[in-house]
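Input: a single structure, listed below in structure tokens.
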Amino acid sequence: MISIQTEDFDVGEEYKALRASGPGTGAISTFSGLVRDSGDLSGVTGLFLEHYPGMTEAVIQGLIDEASERWDVRQARVIHRVGRLELSDQIVFVGVCSAHRGDAFSACQFLMDALKTSAPFWKKEIAPDSEHWVEQKVSDLKRSQGWE
């Protein structure tokens, strides 16, 4: 399941949905990301996220397909919020279930790393007196390239 949405999500409900994937599931790995003050702009109060509708979902589905080719992925759920978000708001959820923990851990980490560099999202930091479009971080690119 892939969802690009403005509304918040319930991590517990997403976990429950992954648990319902069947008796062959032996491991679930999840990641939840929050909006934080990254320090790129003084006094950040929140973010504004945009995406490329249709293309974003297609890219994410391709990443899930790639993860499923590399590891035993029984089910994957990716939720990414867009629009205005405040500090500490949930921004992203990635959940993967598998028969084994190693596959669940690796696939979840791969999906999150790949989302940061491959999916067409644009992030603007917002402060009381200014706004700043965030550039892709070299550290994110290196993490993503480590999966190649």
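Values in this text are rule-based calculations from the coordinates and carry no lab data. Keep in mind the model is a prediction, meaning the values are calculated, not measured. Cβ atoms come from the backbone with ideal geometry, glycine included; neighbour counts cover every protein chain shown.
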Shape parameters for the range 18-95, alpha-carbon atoms, Rg then Dmax in Å: 15.6, 49
Whole-Hz couplings from phi, Karplus 6.51/-1.76/1.60, listed for the range 94-108; x for Gly and Pro: 10, x, 9, 10, 8, 6, 10, 4, x, 5, 5, 4, 5, 5, 5
Listed peptides 71-78, 49-56 by packing density, highest first (mean Cβ within 10 Å): 71-78, 49-56
Derived scalar couplings ³J(HN,Hα) [the range 62-72; Karplus, 6.51 cos²θ - 1.76 cosθ + 1.60; whole Hz; x for Gly, Pro]: x, 5, 5, 4, 5, 4, 5, 6, 8, 9, 7
Difference of contour (0.36 nm per residue) and Cα-Cα distance, W122 to A58: 21.4 nm
Calculated on alpha-carbon atoms, Rg and Dmax of the chain in Å: 15.7, 53
Which of I2, T25, S144, positive extreme of dipole for the range 2-145 (C-beta unit charges): T25
The range 69-148-the range 50-67 distance, computed between alpha-carbon centres (Å): 11 Å
Ellipticity estimate at 222 nm from DSSP helix runs (n ≥ 4, -39,500 (n - 2.57)) divided over the chain, nearest 500: -11000 deg cm²/dmol
Relative packing of 105-112, 27-34, 59-66, which averages over residues the other C-beta atoms within 10 Å, highest first: 105-112, 59-66, 27-34
Pair D8, D129: separation of 7 Å Cα→Cβ label points (nm): 3.1 nm
